[in-house]
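Coordinate-derived values only; no laboratory data. A quick note: this is a predicted structure, and the numbers were derived from the prediction, not measured. Glycine also receives a Cβ, built like all others from the backbone with ideal geometry; neighbour counts cover every protein chain displayed.
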Amino acid sequence: MKMSFRQVNRSCDRSGTIYIMAMGASLIVACLAIAGLQTVRVQRRMNDQISQAANARKFAEAGIEFVQNRIKTDTKWRSFFVNGVSVTRAGTGGSFSVTLLDPVDGNIANRTTDPVVVTSTGRFGKSTQKLSARIDPQIQLYPACQSALYATDRIEFKGCTVTANQWAYCENTTKIRSNPTVNMNVLSKSFSGIITNITNITQRSITGGTWPMQTPDLDPSSSSYVGNYYHDNGVVIQASDIPTGGAEMIKNGNFLMNTASWTGLNCTLTADSKQKYNGVASCLVSGQSGVSYPLQNITEHIIKGREYNVSFWVRTIENQDISAVILLTLSGNPDPVVKTGRAVKAEGNEWTQVTAEIDATWSGVLSKAEFYINSEKNSNYHFDAVSIQDAERDAGTRYIEHVVLGSGSNPYGPGTVSANGIYSIYAPGEKIIIRNCRINGTIVVQSADEVRLENAISWEPTGRNFPALIANTSIEESTSVASLQEDTIGINANPASAPYRGVSDNDTSDSYPSLISGAMVSTNDILLRGVSELSGPVVSDSEIEVRSTDLKINFRSDMILNPPPGFFADPPPMRLTLSSLQSAP
């Protein structure tokens, strides 16, 4: 049998096609195998990268934990870390670097109450991860200061009426006497007095408690004494620069310095050592023409409504009447106010004493006060031993009155102003009376015999929740409910340098509420018998006696959330703010 050529050719075509298909399939299989191997390699690399990134993040987290542990265990951590300087620690296979920044002022070490922002960089293999977190101080007001009244020894409510929106705490005994009305909660270790009188406490009265509570440091010799911060950050007022009773208002009244501080109006003044009443010289008045007299400016001493005792000696060459005069010049008023003492008949060629009691009263804004000697005739005369004293001030007592003292005003000494309104007064053995004035700041009193608060006082510290008064002596509060009236005290209490709640003017027609806003703290006893409003807390390291007929203590809850320096544990504990933890670029 013969096969045709076409049949043989077809058979060969089919064999070649099958071969080509087999080769193609093999190539596909090979490609798939190679792709699979490559995928495994890529996946392995990806797994390595993910693992390294995870480990790097763990190192970053370890950095945050390192900082937290250092803060918790090292009281000098603010010295260990330097603002903006990295600290690196190595671990198995990786490392972390941490950097701390103070977001407030860029200085970690200067204040214990500043937060820090931590940036932690973790490294593992070729991976780097960054985390940032904020660690904030947990500032908490001392429990003892979360009160209207706090005493370590005793609180006595004696015939008083007191209303408060916060507790009274007493570590020892609370006494109820003379049928008081106590509209506040009281927690005390014990109560004494007529037991039935506890019903005079119209709210809760609880016996017991856990004592002592945490209080500010009330030991003046301690480095952490509550007053130290304010003393160190304030302006010192010398007690000698504050007016006192028995102090002389006249300068060079005995002419020890020639005629310094004296001026002659239409006359000539000459120191004369040959003719004198006492001392080294007197003053000769000569060459008088028309209205003439010797005078001295006493503006810095004069107080509206005050009586002044005036005394001097005069020697004339002929008989004539001599009198003492205080001349008051008012802003915007061309007619001065003339206050004249009684006339005294001076005998010629003899020393005669002239005395007077002069009331300094006026309406409007005082621009100048002057003392002068009025003579009936224009003949020559000598005068000596001139004295003017405030009749209403006691010797040994310093008086802060008829002034504005605060962040923009300091009427004492060189007048150095404290920007935060903090002033420290060292007055060993002397009393300090604060009355009829406006205070925009904090006062720290050291070593005084007593501090008394009287009449109308408008007192608001400058710093947020700062205390009003800290004293290492007893405090007696006897303020008035009556407003502080500018026209009564004779000064402008809200000048441009010391605006009241942002408002200033140049008149004397304003009034201010009588209140003491801010804590009052004493290392000794505190007596409350005034009727102005307090914000508290009132803290005594001894006894608090309440006698006021209508005392209101309106404790501000903001003080709990934002306690001032000295009224919380320092340094405060630090805590990471969880919401701040995040990846960093």
Please list the non-local residues whose amide H lies under 5 Å from the amide H of T462, H modeled 1.01 Å from N, same-chain partners needing a gap of 5 or more.
-> G441, T442
How long is the gain from S497 to S240 if the chain were fully straight, where each residue apart is worth 0.36 nm and the alpha carbon distance is subtracted?
-> 90.1 nm
Using a cut-off of 12 Å between beta-carbons, work out the net charge of the residues near S95 (Lys and Arg +1, Asp and Glu -1, S95 not included).
-> +3
Residues of segment 230-247 with amide N under 17 Å of a point placed 7 Å along Cα→Cβ from T416 = 230-242
For K175, list the aspartates and glutamates whose Cα falls under 13 Å from its own Cα; do not include residues on the same chain fewer than 8 positions away.
-> D153, E156, E543, E545
Rel. contact order, % - alpha carbon contacts under 8 angstrom, at least six apart, segment 199-285 = 16
Segments 293-302, 496-505, 399-408 sorted - mean Cβ within 10 Å per residue, highest first | 399-408, 293-302, 496-505
MRE, 222 nm, helices only [DSSP H, n ≥ 4, -39500 (n - 2.57), over the chain, to nearest 500] = -5000 deg cm²/dmol
Output the relative contact order of segment 18-139, whole-number percent, from Cα pairs under 8 angstrom with separation of 6+ residues.
-> 26
Cut-off 13 Å, label 7 Å out along Cα→Cβ of D570, residues of segment 204-218 by amide N | 216-218
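Summing +1 for each Lys or Arg and -1 for each Asp or Glu, what net charge is found among the other residues whose Cβ lies under 10 Å from the Cβ of N107?
My count for the surroundings of N107 gives -1.
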Extent of the chain along each principal axis, from alpha carbon coordinates, in Å, largest to smallest?
-> 185, 70, 40
Hz values of 3J(HN,Hα) by residue in segment 350-358 - Karplus curve (6.51, -1.76, 1.60), Gly and Pro given as x | 9, 7, 10, 8, 10, 10, 7, 10, 10
Sorted peptide list for 172-178, 225-231, criterion being average Cβ within 10 angstrom, highest first | 225-231, 172-178
Residue-by-residue Karplus 3J(HN,Hα) for segment 109-125, coefficients 6.51, -1.76, 1.60, Hz, glycine and proline x = 8, 7, 9, 7, 9, 7, x, 10, 10, 9, 10, 10, 10, x, 10, 8, x
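Let me make sure I get this right: for segment 465-562, a, b and c are the square roots of the gyration tensor eigenvalues over alpha carbons, sorted descending. Under 1.5 in a/c it's rounded, otherwise prolate if a/b > b/c, else oblate. Which is it?
Working: a/c = 2.20, a/b = 1.64, b/c = 1.34.
Note, shape of segment 465-562 comes out prolate.
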For D510, enumerate residues with amide H under 5 Å from its amide H, sequence gap 5+ or separate chain, H modeled in the peptide plane.
-> E486, D487
For a label point 7 angstrom out from the Cα of N524 toward its Cβ, which stretches of segment 449-492 have the backbone nitrogen within less than 12 Å?
-> 449-452, 471-476
For the pair I50 and V291, how long in nm is the line joining their label points, each one 7 Å along Cα→Cβ?
-> 10.2
Karplus-derived HN-Hα couplings along segment 159-173 (A = 6.51, B = -1.76, C = 1.60, θ = phi - 60°), whole Hz, x at Gly and Pro = x, 10, 10, 9, 10, 9, 9, 9, 6, 10, 10, 9, 6, 10, 10
With the 8 Å Cα cutoff and a minimum separation of six or more residues, the chain has a relative contact order in percent of 15
Other-chain or far-sequence residues with amide H under 5 Å of D219's (modelled H) | V226
Jot down the per residue volume, in cubic angstrom and as a whole number, of the convex hull over the alpha-carbon atoms of segment 18-139.
-> 120
Using the alpha-carbon centroid of each, what span in Å lies between segment 474-502 and segment 306-327?
-> 35
